[in-house]
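The values are calculated or read from the model by the stated rules, or taken from the named source; none is laboratory data. None of the values given here were measured: they were computed from a predicted structure. Here the Cβ is made from the backbone with ideal geometry for all residues, glycine too, and neighbour counts use every protein chain on show. Calculation scope for accessible area: heavy atoms of the full protein, side chains included, ligands and nucleic acids excluded. Shrake-Rupley method; radii C 1.70, N 1.55, O 1.52, S 1.80 Å.
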Amino acid sequence: MRLRLAPLALAASGLLGLAFPAPAQAPPPPPEQNRDTDLSTSAGKFPLHVTAEYLGMAGLKTVTRIRLRAPELSMAAGKRGLTSFSGELEGSFLKGTEVVQAFKYPVSGEIGTRTTFTYAFLRAIEPGSYSLKLILIAPGNRQVGEATTELSVPEVGAKFAADMAPGEASTLPSAEAVVIADEAANAASPSESKLKILPPDREAPVGLLRLEADAQPPISRVEFYLEDKLIVRRTRPPYSVEIDLGQIPRKQTVRAVGYDSSGRVIDEDAWSINQGSARLAVKILPEPDPAGGKVRVKVAVQSISGGVARQVELFLNDKKIHTWTDSGPYEVTIPFTEYSKSDYLRATAIGEDGKEANDLRMLKGPNTTIESVRVDVVQLHVSALDKENRFVKGLGEGDFTVEEDGRRQTITGFEIAEKLPLTIGLVVDGSGSMEKSMPFVHDASVELFRGLIRDKDKGFIIEFREQPHMIQELTGDSASLQRASRETSARGATALFDSIVLGLYQFRTLQGRKALIVISDGADNHSHVDYTTLLRYARSAGAPVYIIGVGISVLDFGIRKEINEIAHESGGEVFHISNAAKIGEITKRIEEELRSQYIVAFRTDSQKPDGEYRTVAVSIDKPGVTARTIKGYIP
């Protein structure tokens, strides 16, 4: 039986489908313990082999990889004619009768007489002696088997890093490694900075997060902001803040500003949350000084899971301002006149693995930004259509009216979308029923990336069957995207919901415009994320979803309702076609729309708490012209 850890914990971990570069040298094998116990089932007892590898320390906890093997159980199931299994693994670490830590993982996969039951997972737990209790559960909450073994978890000398536990094709999910490694990340090496946000003792994508800043003289006051909203002001150590991140993981930035006793800004720093698979995070922190005729720009570069920046670059529009090849701080002063006339600042950090982390900060005058996501500023991607459903260009800010929950809002930013970088995600159904449609998918995808990917644009491709697979990571290389477009194939089941969530998650480290295009021919039958979770996730992701439904029957009311709602709520569109030959026609229309949109920003006056849904309506003051954008959002 090959079992995989499905993305059940997506909403809790916010991390899905990530991969890690292999270490340059094979590290010495970690200390491990081997235990043999029995898995008690209704058909009798079967040997269960448990291996515990102790990889490294995450703070005060030992990161432990648990591997399970039950070859006799697989053989017995195969002899009974079983070919697959889907269920859950429940587990707990106990001291006596006290549960110290509990967990639950979905598992599914093929079984047979020649396939060994294997499964692996990571846990971080304080050193000590524990009983590890495991329960295997089938659908319908029917218990299949139960086992218990004793483990003695040691303290080890190595500090845990994500590459100590690379993702394994059908067992260990690399998402767990990233979460744990983030908790173990050390503070950056001391530099000339006077203010530094320290890595948290415990970092999670949702719930409460506590951060503390190290402030050096002459700083005597520190203010913490979540995006641009002031959270707390501290006038003496410890300079700390507790932030409620909500129940849905989303990309956010905490900013700390340090002042001296006269109120003068001395330094700033930023800490990025939920950065996906990135090993670096970048945040541009401009400090305009109109009276002095200058702008001090700091680029905050955050190490994630041991990532190191070997080069940092800052651009004002397309003009390169500075290149750094040292460890920072990354600061530069530019003339205020150039800053105020420019459209955007862009920073790029290139890691040792050659991958880029970027931040884009749109500039609309001396003190306004619309691209920086704020707690109280909402950015809408709006399409204008005439009565013939053609896209209307040439509109101005005064042509638009925005309402939130029925109240008119003041527009604070306006831009033509075509001027901004674009990231396109393509999610392709590779299930067996798509076999006849695949040649048309290949041709349309190639044309899509040939036409859409221009300078500064990027794309990625995900193929899904029983689970999503990244077949082309984020790149600006149009040739690589076109080549990967032809690598999709058809076989297996359909994990549609999981794949849309994974696609949307890839945008969380990115700035600029984003859109997800999904091509599928049927209802979801293999996802671990339910529809309600997917809908909430789409409402908070900030990227339109365009869905091309190939040959979905008009009688399939359920799936049609679901994909229509996902697309329309996110500001995208659904295209139902009976013939896959029309896919190319549809992708060309999507391309035209993305190049014709307007970016409209407003400052919300809502008194609703974060996490509560807010409706949005946009109207255009032109006869016969209507607006299409998101139906609402969850901040």
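Here are some notes:
- Top-ranked residue of segment 141-156 - restricted to ones that are out of contact with any Leu (no Cβ under 8 Å at 6 or more places or on another chain) and part of a strand (DSSP E or B), ranked as surrounded by the most Cβ atoms within 10 Å (Cβ to Cβ): VAL153
- One residue stands out in segment 607-631 among those that are touching a Pro at 6+ places or on another chain (Cβ under 8 Å) and open to solvent by less than 50 Å² (accessible area, probe 1.4 Å): the one that is farthest from LEU420 (Cα to Cα), namely GLY611.
- Within segment 420-445, the set of residues being within 25 Å of the chain's Cα centre (by Cα) and either assigned to a strand (DSSP E or B) or surrounded by fewer than 19 Cβ atoms within 10 Å (Cβ to Cβ) (or both) comprises LEU422, THR423, ILE424, GLY425, LEU426, VAL427, VAL428, ASP429.
- Test: residue in segment 392-405 that is out of contact with any Phe, Trp or Tyr (no Cβ under 6 Å at 6 or more places or on another chain), of a type outside the set (A, V, I, L, M, F, W, C), open to solvent by 10 Å² or more (accessible area, probe 1.4 Å) and in a strand (DSSP E or B): yes
- Segment 110-154: number of residues that are touching a Gly at 6+ places or on another chain (Cβ under 8 Å) and charged (D, E, K, R): 2
- First in segment 25-46 and within 15 Å of ALA76 (Cα to Cα) and open to solvent by 40 Å² or more (accessible area, probe 1.4 Å), second anywhere and at pLDDT below 85 and of a type in the set (D, E, K, R), Cβ under 9 Å, 6 or more apart: ALA43/ARG80
- The combined condition, being open to solvent by 50 Å² or more (accessible area, probe 1.4 Å), in contact with an Asp or Glu (Cβ under 9 Å, 6 or more places away or on another chain) and modelled with pLDDT under 50, is fulfilled by ALA9.
- Subset of segment 259-280 that is of a type in the set (Gly, Ala, Ser) and either open to solvent by less than 30 Å² (accessible area, probe 1.4 Å) or within 25 Å of the chain's Cα centre (by Cα) (or both) - its residue that is modelled with the highest pLDDT: ALA270
- Subset tally (residues that are open to solvent by 60 Å² or more (accessible area, probe 1.4 Å), of a type outside the set (Lys, Arg) and assigned to a loop (DSSP other than H, G, I, E, B)) for segment 315-368: 8
- Hits in segment 286-307 - residues which are more than 16 Å from LEU360 (Cα to Cα) and at pLDDT 85 or above: VAL295, ARG296
- Among the residues of segment 62-87, the ones that are open to solvent by 50 Å² or more (accessible area, probe 1.4 Å), at pLDDT 85 or above and within 32 Å of the chain's Cα centre (by Cα) come to 2 in all.
- Residue pairs whose Cβ atoms lie under 6 Å apart, separated by 6 or more positions or on different chains, with the first residue in segment 572-592 and without any contact (Cβ under 8 Å) to a residue 60 or more places away in the chain and aliphatic (A, V, I, L, M) and the second part of a helix (DSSP H, G or I) and open to solvent by 20 Å² or more (accessible area, probe 1.4 Å), are VAL574/ASN564.
- Pairs, first of a type in the set (A, V, I, L, M) in segment 405-433, second open to solvent by 60 Å² or more (accessible area, probe 1.4 Å), C-beta under 7 Å, six or more apart: ILE411/GLU397
- Some residue of segment 300-307 being farther than 18 Å from ALA270 by Cβ, open to solvent by 30 Å² or more (accessible area, probe 1.4 Å) and of a type outside the set (Asp, Glu): yes
- Of residues in segment 47-61 being surrounded by fewer than 18 Cβ atoms within 10 Å (Cβ to Cβ) and out of contact with any Lys or Arg (no Cβ under 8 Å at 6 or more places or on another chain), the one farthest from ALA120 (Cα to Cα): LEU60
- For segment 116-129, the condition holds for at least one residue, the condition being that it is modelled with pLDDT of 90 or more, in contact with a strand residue (DSSP E or B) (Cβ under 6 Å, 6 or more places away or on another chain) and of a type in the set (Ser, Thr, Tyr).
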